[in-house]
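Asks: Before anything else, here's the structure in question.
Nothing in this text is a laboratory measurement; each read-out follows from the coordinates by a stated rule. Fair warning: this is a prediction, and the values are worked out from it, not measured in the lab. When we count neighbours, we look across all protein chains shown, and the Cβ atoms used for this are built from the backbone with ideal geometry, even at glycine.
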Amino acid sequence: MNYNWNWGILFEEPYFDWLVSGVEWTLFVSAVAWIIAFSLGSVIGVARTVDSVPVRAVATAYVELFRNIPLIVQMFLWFYVVPEMVPDDLGRWMKRDMPFPEATSAIFCLGTYTASRVAEQVRAGIESIPVGQRAAGLAMGLTTIQVYRYLLVPVGYRIIVPPLTSEFLTIFKNSSLALTIGVAELLYQARQIENYTFQGFEAFTSVTLIYLVLTMIVVALMVRVEEKTKIPGYGIQKDK
Amino acid sequence: MLGDFDFGVIVTALPYLWEGMQLSLLLTGLAAIGSIALGTILALMRLSSIRLFQWIGAVWVNFFRSLPLLLVIFWFYFLVPLIVQGQVDAFESALIGFVLFEAAYYCEIMRSGIQSISRGQAWSGYALGLNYPQTMRYVVLPQAFRNMLPILLTQTIILFQDTSLVFVVGLADFMTSAVTVAQRDSRLVELYVFAALVYFVMCYFASLYVKTLQKKMHR
């Protein structure tokens, strides 16, 4: 292999700053998108378990819609198509005045997409609670809302902490797709360094290591959380 | 708004888009075959009694599952031409990336598939005088594949969706073709909505099929 190694380039200006700002964007986009994914996903996941047929149908339609379209297509829809589809005034504002249009689109895209995955986990968690518990709650005179509030949601969420961890890691990895609409996240910066310096090997190695380290940090933190939150004797059964 | 949605653009572009779709399907098929084969080998390594094999399997899976697929695609797009010292088709480097990456996911599916087969099956294989490869080949793996078929297919639907990422290296799959037409004709809305619709219909009906298959198997 004819290749001029130059690891020092990563620590020269401006390349080092590019990497740092890439990490910041990746973390920022993932974190904000996760807030959307977690809250919206919780609502939809709960909606998939209620008795009302129309509510369940809407929630199911949401999950199927977002799960069956590739994320990159959704990214393009949010960035190029949504501003054309909304009412004219809003569309004009999105195109002209919205702060950080690329990042905002990416955040909504990742958030709504991951919400469909979070919803599936929430549903699995609630469904793994024996039906007798719900019946017992109702028999004691709790309303349906109280059964969810005091029984199904608190227990269900403690069961699904491990799969939610991997969903968070998924959003973190998927945030790299934001580069297709021009968000200057980590992978975008690596490519930019490659384009400017032709030191692709160093650039890609460094972001690979950054992704690995960040993943390990998240996993290490979540192992603690899992220890704290797990309910003895409970767990989602594996797919048969 | 939808009022000036131009269907004509899509109709004219259909032959070109179909070529892209053929490439998407070809890439999905080859990558699925390659990564299921490699994933099965990795699963056998993770379950073997040899420490080194267990370690290799575990590192492989955890390594690739920590990385974005996009990064892996870039790596191979950049790396493969450097290794072979010459021009390489973007298709080949993308295919290598997909096989190595998706194998990590198929490995975990096959691992739980193999573990779902009771140990007695393997023991009876040995008792009949079969050696390890024969026991795996004729007794354990066929049953594991059968049990895991729905999940393997679901993963393959995900793989099909993932092939749209080759857009970033300019490989002319369905997604890239749609973007090319969209930019050429300045018809972003039509083409992106159409692309989403096509992917949705294909993946949705494929997943419905998987569901009926699952029901059939549980009967």
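Asks: With helices defined as uninterrupted DSSP H runs, which ones in chain A have an alpha carbon span along their own long axis of at least 30 Å and mean Kyte-Doolittle hydropathy of at least 0.0?
Replies: Within chain A the helices that satisfy the rule are A:15-47, A:101-127, A:200-229.
Asks: What ranking of A:Arg149, A:Arg96 emerges when the number of other C-beta atoms within 10 Å of each C-beta is taken as an exposure proxy, fewest first?
Replies: So the residues, fewest neighbours to most, are A:Arg96, A:Arg149.
Asks: Stretched out fully, how many nm does the piece from B:Leu25 to B:Lys211 gain, at 0.36 nm a residue minus the Cα gap?
Replies: Going from the current span to full extension adds 64.8 nm.
Asks: Also: For B:Ile56 and A:Ala61, what does the FRET efficiency come to when R0 = 41 Å and r is the distance between their Cβ atoms, rounded to the nearest 0.05?
Replies: 0.40
Asks: With axes computed from alpha carbons, what is the tilt in degrees of helix B:174-184 against the longest principal axis of chain B, rounded to the nearest 10 within 0 to 90?
Replies: 10 degrees
Asks: Can you give me the distance in nm between label points at A:Val86 and A:Tyr196, each placed 7 Å from the Cα along the Cα-to-Cβ direction?
Replies: That separation, rounded to one decimal, is 3.3 nm.
Asks: Using the charge dipole of the protein assembly as shown (Lys, Arg: +1 at Cβ; Asp, Glu: -1 at Cβ; taken about the Cα centre), state which of B:Ser112, B:Ile33, A:Val58 has its Cα farthest towards the positive end.
Replies: B:Ser112
Asks: Follow-up question, since we're still on this one. Out of every Cα-Cα pair in the protein assembly as shown, what percent are more than 27 Å apart?
Replies: Tail fraction, whole percent: 60.
Asks: Rounded to the nearest 10 degrees, what's the angle between the helix B:188-218 long axis and the longest principal axis of chain B, both from Cα atoms, 0 to 90?
Replies: Relative to chain B, helix B:188-218 is tipped by roughly 30 degrees.
Asks: Here's something else I'd like to know. Size of the dipole of the range A:47-159 about the Cα centre, Lys and Arg at +1 and Asp and Glu at -1 on the beta carbon, nothing else charged, in debye to 20?
Replies: In total the dipole reaches around 400 debye.
Asks: Also, quick follow-up: Considering only B:Ala94, B:Val11, B:Met175, whose Cα is most displaced toward the positive end of the charge dipole of the range B:2-218, charges sitting on Cβ of Lys, Arg (+1) and Asp, Glu (-1)?
Replies: B:Ala94
Asks: Here's another thing I want to ask about it. Work out, step by step, the length gained on full extension between B:Ser124 and B:Arg184: first 0.36 nm times the residue separation, then minus their alpha carbon distance; give nm to one decimal.
Replies: Contour length minus the Cα-Cα distance gives 15.2 nm.
Asks: A further question follows. In debye, nearest 20, what is the charge dipole magnitude of the range A:21-229 about its Cα centre with +1 on Lys and Arg Cβ and -1 on Asp and Glu Cβ, if you could check?
Replies: The calculated dipole for the range A:21-229 is roughly 580 debye.
Asks: Sequence neighbours fewer than 8 away in the same chain don't count; with that in mind, list the aspartates and glutamates whose C-alpha is under 14 Å from A:Lys95.
Replies: A:Glu84
Asks: Projecting each Cα onto the charge dipole of the range A:21-229 (Lys/Arg +1, Asp/Glu -1 at the beta carbon, about the Cα centre), which of A:Ile36, A:Leu142, A:Pro162 comes out farthest on the positive side?
Replies: The one lying farthest along the dipole's positive direction is A:Leu142.
Asks: Here's another thing I want to ask about it. Which of the peptides A:107-113, A:141-147 is most tightly packed, and how do the rest follow, judged by the mean count of other Cβ atoms within 10 Å per residue?
Replies: A:107-113, A:141-147
Asks: Let me ask another. In peptide B:188-194, what is the residue-averaged number of other protein chain Cβ atoms found within 10 Å of each Cβ?
Replies: Per residue, the number of nearby Cβ atoms from other chains is 5 on average.
Asks: When the label point is put 7 Å from the Cα of A:Leu138 along its Cα-to-beta-carbon vector, which residues of the range A:50-84 have a backbone N closer than 11 Å?
Replies: Inside the label zone: A:51-52.
Asks: If one takes the longest principal axis of the Cα atoms in chain B, at what angle in degrees, from 0 to 90 and to the nearest 10, does the Cα axis of helix B:141-162 lie?
Replies: Approximately 20 degrees, to the nearest ten.
Asks: Oh, and also: Relative to the Cα centre, what is the charge dipole magnitude of the protein assembly as shown, using +1 at the beta carbon of each Lys and Arg, -1 at the beta carbon of each Asp and Glu, and rounding to the nearest 20 debye?
Replies: The dipole magnitude comes to about 2420 debye.
Asks: Oh, and also: Take A:Ile129 and B:Leu14, extend 7 Å from each Cα along the Cα→Cβ direction, and tell me the distance between the two endpoints in nm.
Replies: Distance between label points: 5.1 nm.
Asks: Once the piece of chain linking B:Ile33 and B:Phe63 is laid out straight, how much longer is it, given 0.36 nm per residue of separation minus the C-alpha distance between them?
Replies: Net length gain for the segment: 8.7 nm.
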